[in-house]
1. Being crowded, with 17+ Cβ neighbours inside 10 Å, at pLDDT 80 or above and either under 30 Å from residue 398 (Cβ atoms) or in contact with a strand residue (DSSP E or B) (Cβ under 9 Å, 6 or more places away or on another chain) (or both): is that true of residue 325 here?
2. Here are 248, 214, 199, 235: which of them is under 28 Å from the mean Cα position of the chain (by Cα) and modelled with pLDDT under 75?
3. Among the residues of segment 328-347, is any crowded, with 20+ Cβ neighbours inside 10 Å, under 28 Å from the mean Cα position of the chain (by Cα), assigned by TED's automatic domain parsing to the domain that holds residue 218 and farther than 24 Å from residue 226 by Cα?
4. From 391, 405, which residue is surrounded by fewer than 19 Cβ atoms within 10 Å (Cβ to Cβ) and closer than 28 Å to residue 368 by Cα?
5. What number of residues within segment 351-377 satisfy the criterion of being at pLDDT 85 or above, assigned to a helix (DSSP H, G or I) and buried (at least 22 other Cβ atoms within 10 Å of the Cβ)?
């Protein structure tokens, strides 16, 4: 046991003390935070700020075009194109629209927005949307019964947000559960590939450099394999914990960088739909916080660590077995990796089905089967999973690790000292059952 701990310590420290580990561990959260901050910055600073003159010769748009903080409409009279262009040159307006006297919205007539600056696609769509809504109000008003106003019609419209409630769990947004489940599943998916491949490369390097021969003379092959797996897994776990702490800490800096977000939130409160573009970002942030409260984040974080460890240990033992059987040719490693990577890819496919139908038969099978449960179960957790399914899934995952570790150790014992021979999966299976 002491020898295994020494190997774990060596694998852990040799990687943690590298500059690449420190740079990747610290720089990645900074890059994520910087990217997120830039998105918010451009959302806050990059909104349209248009002042559009409307020369309406028909009178049908008066009082119907809705202005916002970002796009304002001003109606002008007795102005031709030359006068409006001069007003734009004088910076009085950013653009103008002339509605000719013969304009017929029902006849699919078009309007022209004139400006000295280019107009982006989203800005064009925002202007079109407001004009179309004004035309809808005009057309609808002709159909109204006498005495019925547009304000009364608008008051009948509703915007219902449907929350899904499952018996025995909190209600919340299905879209948020979908996103959270997908993120958790894809993280485990990446972990299995990245750290499993890291174990395989580490075994291959020691074998090709003949370091394994020296180490096997002092420790048993099984101790060497377990020490390498656990040591690299500890590196991954520490890296994830540091990333989590840094990302949460950096997220708390956003209100300091953008204090106007908090001021607008305090002023507007929960009245998000009527706000402009900046406030829509606030509404999104508020909705995310409400959704976070609707799921058991402590349970998800704890189970994420457990499934991270279980999935990593299960797959890394197989990656270690492949690494021990490969010589210097990387193509041999790619061929032997295929049967290992296929269950991971298959798990990802099941995950995409599970987040759409979390209680379906395929989702249940994927969350219990040890080779797919780390990815699929994490995708199902935000929707709420019965406790017995979680317990059974973890039990099967532990049994799956013990079984694969036992087989991998038998392959590792033979393959780590074999050189100059191209190994097939048939031979690996023979080593596993006969050695």
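1. So residue 325 does not fit the description; no.
2. Selected residue: 248, the only one of 248, 214, 199, 235 that is under 28 Å from the mean Cα position of the chain (by Cα) and modelled with pLDDT under 75.
3. Yes, segment 328-347 contains at least one residue that is crowded, with 20+ Cβ neighbours inside 10 Å, under 28 Å from the mean Cα position of the chain (by Cα), assigned by TED's automatic domain parsing to the domain that holds residue 218 and farther than 24 Å from residue 226 by Cα.
4. It is 391.
5. Here the count works out to 9.
The values are calculated or read from the model by the stated rules, or taken from the named source; none is laboratory data. Here the structure is a predicted model, which is why all the values come from computation and not from measurement. Note: ideal-geometry Cβ built from the backbone for every residue, glycine included; neighbour counts use all protein chains shown.
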